[in-house]
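Data block below; observations after.
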Amino acid sequence: MKEENAKIRIQELTEQLRQHNHNYYVLSAPIISDYDFDMLLEELIRLEAAFPQYSDPNSPSRRVGGEITKDFLSVRHKSPMLSLSNTYSEEEIREFDQRMKKLIGSDVEYVCELKYDGVAISISYKNGTFQQAVTRGDGTQGDDVSENVKTIRTVPLHLHGNFPEEFEIRGEIYLPHEGFRKINLEREESGEALFANPRNAASGSLKMQDSAEVSRRPLDCNFYSINSEQLLYDNHYDFLLETNKWGFKTSAYIIKTHKLDDIFEFINDMAEGRDQLPFDIDGVVIKVNDFKQQDLLGNTAKSPRWAIAYKFKAEKAITQLQSVSYQVGRTGAITPVANLKAVLLAGTMVKRASLHNADIIEQLDLHEGDRVIVEKGGDIIPKISGIKKEQRSDHSRPVQYITHCPECNTLLIRKEGEANHYCPNENSCPPQIKGKLEHFISRRAMDIDSLGEGKIEILFDNGRVKDAADLYDLSYEDLLGLEKMFPAVDGKKQRKVSFQEKTCENIIKGISASLVVPFERVLFALGIRYVGETVAKILAKHFRSMEALAEADTESLAAIHEIGGRIAESVYSYFHDPAKLHLVERLKIAGVHMVLSEETPEHSQLLEGKTFVISGTFSEFSRDEIKQLIEQHGGKNTSSLSSKTDYLIAGANAGPSKLDKADALGINILELEGFMKMLNFKF
């Protein structure tokens, strides 16, 4: 392509992709399919690589990341990022209202909006172009995280409409529930420690060094305030409506009122309905609407006088720490667990709480025998949120994080920039070996379901298997008569598992049947760190064989879209470990697929642009098989219903709440027969 034509095409693609991004992520009204969008983006990336002189610093291609930031520059805020005064009582809201009326008169109008549980961000724009994104930090200065924030699709890089020449806009970056579940599933699949809650995941994502990794995390952002010398409106409510026209995403959950009763009704509605929201909130913010009145009221040293946050009370209980134990994952990650005196919390008896890592224990200043505050608010896992230090014994000692593996006594390591300690003895540490074996046979990997229910542990404890390749050397005689008594745990009764004739036959058949599992699932089954299902599919499609993948260097691996440096280094290290290469060779000899099959299933674009959610059970197909059919025919699978969902495929025992929500959102509900007819299948 000629240089002048390339320049024009780059400009056309840039503008088209910006508009499509806005339509999809802000307006929730896409006009092209995901496939068509990806094709436009790939064309832009190719042209920018060939003609870098015409690449815009805020090009839509920046959404996929690629910049490496070793150090985050500290930046001073033009005006302090103040925190809000918090309250947990209606009485203090009434006092706030009385104080406002006393200071500025009886004609006070308020705006109520959600208090997102995320990470505060300040973004500057000049002439409608993204300039810099800075975290709150200490309120006076924060870290420049611009390259990472550029990857967030709801943060506009170029504005449209009538906006001030130069301004700062502030908002909250957060991780929606669906994205949080997806990230934790991927982390579990790749052997990483799980995030405790969406806020921690969002915060950790913003400080990652590789922006390409950040782009793979579905962060979102809602904006709620502006700082500019050229305000084009006189109140907060109109500002929110106007900025939405510029390209910013603002909350749909907002009211404007003069009445306290309306405020309390909004608070109660949000408190009761927050579990149904697709993201976490921890309260409601009440602001004086008029900007002149805000200026008149001013600020204290820490917070604005014209706003207050009503915070929801998290469910808490006080109990005693009995001990701290340490669990070893299949990748060697060490997870400390607080063992508690049983306490009722949110309707369940809580005996344990994750302590996540050594830094959390140190921040809590946790001592042996402490009386601790256990909390279960919007978090998935119960956590210790505080210590009753006044009740601490004078003789109690601080909890000391272990230095050696609790299973094999190997000295633990902690890599720079990582929160977790690891046991490096991956080839001999029992829980790591068993964890890798359990991952290998799991349903989404080799799918040897006859080896579930503790059978891997029996095989390992009896010396029958030490790695995945050993499974393919097993004979009926190796199995017959093996048994183990499993102790009672968490209310489950003691049970005995033994290998009788039928069990042995099923295991041998299951292992044999796994030889038909396709290459991409074999790659996932190997348990390479950071290689979950999605990454395994990308690598398999790109390299097409285990041999080609094993020969790849880190540069060629990192150059693949959605891979990045961290995954590249992990894959490279795996295939340069002699023990791993020996394992792969033995699996190859056993007949496991090491090449991407040329006999691919029938593909079409019948479901292109359509999004599906599956609920319930099906006698004819597994849920995974239905998901595979959707993907093969151009559709997209998601786990939760939203306004973007096109169809709910409902089987037996489909969740009543999902059916009700689908009906309320006007989503088409299909039985399996109706879905098959869409694919022109006879059923």
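A short reminder: the numbers here are calculations on the coordinates, not readings from a lab. On a predicted model such as this, the values are computed, not experimentally measured, just so you know. All Cβ positions, glycine included, derive from the backbone under ideal geometry; neighbour counts span all protein chains shown.
Quick notes on this structure:
- Net charge dipole size for the chain [Lys, Arg +1 and Asp, Glu -1 on Cβ; Debye, nearest 20]: 1340 debye
- In this structure, the pairs whose alpha-carbon distance is over 23 Å, taken from 316/661; 351/434; 182/436, are 316/661; 351/434.
- Shown here is the pair-distance distribution of the chain: with all Cα-Cα distances grouped in 20 Å bins from zero up to the longest one, the shares run 14, 46, 34, 6, 0 percent.
- Whichever aspartates and glutamates have a C-alpha closer than 18 Å to that of residue 455, once near sequence neighbours (fewer than 8 apart) are set aside: 438, 447, 467, 470, 473, 477, 478, 483, 501, 505
- Here the contact order of the chain, divided by its residue count and restricted to Cα pairs under 8 Å and six or more residues apart, works out to 10 percent.
- Backbone geometry of the stretch 309-315 corresponds, through the Karplus equation with coefficients 6.51, -1.76 and 1.60 at θ = phi - 60°, to 3J(HN,Hα) couplings of 10, 8, 9, 6, 7, 6, 6 Hz, x marking Gly and Pro.
- Using the average count of surrounding beta-carbon atoms within 10 Å as a protection proxy, the listed peptides 252-258, 451-457 rank, highest first, as 451-457, 252-258.
- Legend: distances between Cα atoms for 78/302; 313/388; 249/610; 311/658; 101/256; pairs beyond 20 Å are 249/610; 311/658.
- Sorting 212-222, 186-196, 291-301 by their mean Cβ neighbour count within 10 Å, with the most densely packed peptide first, gives 212-222, 186-196, 291-301.
- Neighbour counts of other Cβ atoms within 10 Å put 678, 546 in the fewest-to-most order 678, 546.
- Under 5 Å, built H, 5+ apart or other chain: amide partners of residue 283: 115, 312
- 239, 167 arranged by Cβ crowding within 10 Å, fewest neighbours leading: 167, 239
- Under a 5 Å amide H cut-off, with hydrogens placed 1.01 Å from N, residue 405 pairs with 410, 411, 412 among residues at least 5 apart or on other chains.
- Spin-label proximity, residue 665 to the stretch 609-644 - amide N less than 13 Å from point 7 Å beyond Cα toward beta carbon: 611-615, 637-644
- For residue 320, the residues whose amide H sits under 5 Å from its own are 341, 372, ignoring neighbours fewer than 5 places away on the same chain, with H placed 1.01 Å from N.
- Here the residues 529, 76, ranked from fewest to most Cβ neighbours within 10 Å of their Cβ, fall in the order 76, 529.
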